[in-house]
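The block underneath contains the structure these notes are about, expressed in structure tokens.
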Amino acid sequence: VVQHYTPERVAEITGVPADLIRQAARLYATSGGSMCAHGLGMTEHKYGSYGVMALCNLAILTGNVGRPGTGINPLRGQNNVQGSCDVGSLPIYFNAYQKLDDPVVREKFERITGRPLPQQKGWKTPEMWDAALAGKLRAMWIMGYDVAQTDPNLLKVRAALAKLDFLVVTDLFFNETCKYAHLVLPAASFVEKDGTFTNGERRIQRIRKVIEPLHGIIPDAEQILRVSAGLGYPMRYTHISEAMDEIAQLTPTMAGVSYDKLDDRFGLQWPVPARDHAGTGIMHTQQFPRGKAKFSAAEYLPPGETPTNDYPFTLVTGRVLHHYNCGAQTRHSKLLDFVNRDILEIHATDASELGITDGETVNVTSARATVQLPAVLSDRVPPGQLFTTFHFPDNNLNTLLSSSADVLSSCPEYKVLTVRVEKIAAKKRRASAVRARVLV
């Protein structure tokens with residue numbers, strides 16, 4: 001595979017000059033210790049998983065694993081993405097990525113539950129929307145996730161939410177998804193409950209209750225326990241630490257984790273295979289779980305959409321420093337004094353060709369929808385590319401996106417969609433431009 005991807009060919013695909021590719025390759029291979037750190041710009045693509053495989057191949061090839069300052073380090077989009085996946089929130093695994101169809105693993109879990117557990121993989125989020133529209137999924141309980149603002153292809157998502165017989169939403173603030181709910185429950189914040197977060201370096205850290213929730217607000221875990229009991233399956237934990245004890249009992253890589261040990265130190269990095277184990281700061285120092293490393297060939301594959309005459313621009317969506325994720329929390333803060341709306345970043349060359357001035361509100365149209373955003377001239381994007389954020393729900397920004405998602409993980413392809421940009425009525429354009437310039 002490698003011989004087909006010369007620096008010149010990769011330059012044609014990526015836009016990065018071949019000489020810079022060579023320089024980067026030599027620096028990475030000869031530094032004595034190189035680390036790959038990637039964010040959502042790597043994974044939110046149709047073939048993002050293959051991009052990560054390519055990074056792994058590079059690290060293995062150059063020996064940049066199993067030593068300080070090396071490895072592949074995903075920078076998670078939120079503070080407990082790692083932890084929620086580690087303890088079974090993924091619908092295709094048990095805790096710590098133990099396989100659902102492994103009879104030994106299943107028997108271990110069923111001894112604890114006293115009930116038979118599903119053998120087939122569950123639905124990922126995009127599959128849930130298809131199931132809801134088909135009438136196969138009739139009820140949902142969504143906690144801390146504003147899908148009606150953040151998911152791609154919002155018109156489809158909102159249609160799926162509207163078709164549910166019963167929707168419960170638990171969140172800190174009344175958000176866009178709450179508008180589709182039959183029942184809205186207030187959530188406790190991180191300072192109002194006990195628990196753990198696991199960060200990108202596999203470090204399990206204690207979250208400690210500082211204040212009591214306001215009257216009538218029940219922490220997430222207690223909500224789940226009460227509903228479970230009401231459905232005929234009581235889970236009798238007197239404290240959340242007992243749930244961690246159960247996780248340790250069921251999870252070989254966390255067998256030595258307990259709240260007592262977490263309280264004694266600055267967290268624990270799994271694997272922690274025994275009570276007397278101090279945790280694992282660096283993984284794969286001697287070998288991999290399968291023994292020797294395995295290279296996984298990763299050919300270049302195009303994104304879900306590529307520019308056409310009708311949609312000549314590639315739009316990348318993301319976030320800015322002042323707002324967290326979709327802004328559901330930060331829009332209730334003084335950060336609005338710094339950023340109070342989404343803008344469209346466009347290169348000056350493209351703006352000039354379209355007759356668009358700095359701060360002018362424009363139509364942005366994909367194959368699915370049209371939204372209006374103030375255009376701001378920017379040298380952060382090259383000609384032919386655009387950038388915007390999705391922090392403000394009034395824009396309905398994610399109606400532009402398709403349902404394209406990573407072919408392995410189903411992570412939405414937020415980083416590539418094709419659009420056209422057009423001028424709109426002069427009167428409306430002038431009114432909006434003032435606000436955009438004030439923001440900039």
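One table, with the values for the structure above:
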| item | result |
| --- | --- |
| Residue selected from segment 32-47 under the condition out of contact with any helix residue (DSSP H, G or I) (no Cβ under 9 Å at 6 or more places or on another chain) and in a loop (DSSP other than H, G, I, E, B), by the criterion modelled with the lowest pLDDT | 39 |
| Single unsatisfied condition, residue 116 versus (1) in contact with an Asp or Glu (Cβ under 9 Å, 6 or more places away or on another chain); (2) surrounded by 13 or more Cβ atoms within 10 Å (Cβ to Cβ) | (2) |
| Strands (runs of 3 or more DSSP E) completely within segment 349-391 that count 1 or more residues being of a type in the set (Phe, Trp, Tyr), more than 22 Å from residue 425 (Cα to Cα) and touching a residue at least 40 places away in the same chain (Cβ under 8 Å) | 385-389 |
| Unique residue being over 20 Å from residue 139 (Cβ atoms) and without any contact (Cβ under 8 Å) to a residue 40 or more places away in the chain when the list is 181, 229, 188 | 188 |
| Qualifying residue in segment 97-113 (condition: closer than 19 Å to residue 409 by Cα, surrounded by 12 or more Cβ atoms within 10 Å (Cβ to Cβ), touching a Ser or Thr at 6+ places or on another chain (Cβ under 6 Å) and touching a residue at least 12 places away in the same chain (Cβ under 8 Å)) | no |
| Tally, over segment 172-186, of residues that are at pLDDT 95 or above and either aliphatic (A, V, I, L, M) or outside any loop (DSSP other than H, G, I, E, B) (or both) | 9 |
| Test for residue 50: is it over 25 Å from the mean Cα position of the chain (by Cα), assigned to a helix (DSSP H, G or I) and under 22 Å from residue 293 (Cβ atoms) | no |
| Test: residue 91 is farther than 25 Å from residue 396 by Cβ, modelled with pLDDT under 95 and touching a Gly at 6+ places or on another chain (Cβ under 9 Å) | yes |
| In segment 200-247, the residues that are part of a helix (DSSP H, G or I) and under 26 Å from the mean Cα position of the chain (by Cα) | 220, 221, 222, 223, 224, 243, 244, 247 |
| Candidate set: segment 393-412, residues that are in a loop (DSSP other than H, G, I, E, B) and over 18 Å from the mean Cα position of the chain (by Cα); chosen: the one farthest from residue 52 (Cα to Cα) | 396 |
| First in segment 262-288 and of a type in the set (Phe, Trp, Tyr), second anywhere and outside any loop (DSSP other than H, G, I, E, B), Cβ under 6 Å, 6 or more apart | 270/253; 270/254 |
| Matching option when the condition is farther than 22 Å from residue 392 by Cα, without any contact (Cβ under 8 Å) to a residue 40 or more places away in the chain and of a type in the set (D, E, K, R), among 86, 130 | 130 |
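The values are calculated or read from the model by the stated rules, or taken from the named source; none is laboratory data. Just so we're clear, the structure is a prediction, and the values are computed from it rather than from any experiment. Every residue, glycine as well, gets a Cβ built from its backbone with ideal geometry; the counts of neighbours run over all protein chains shown.
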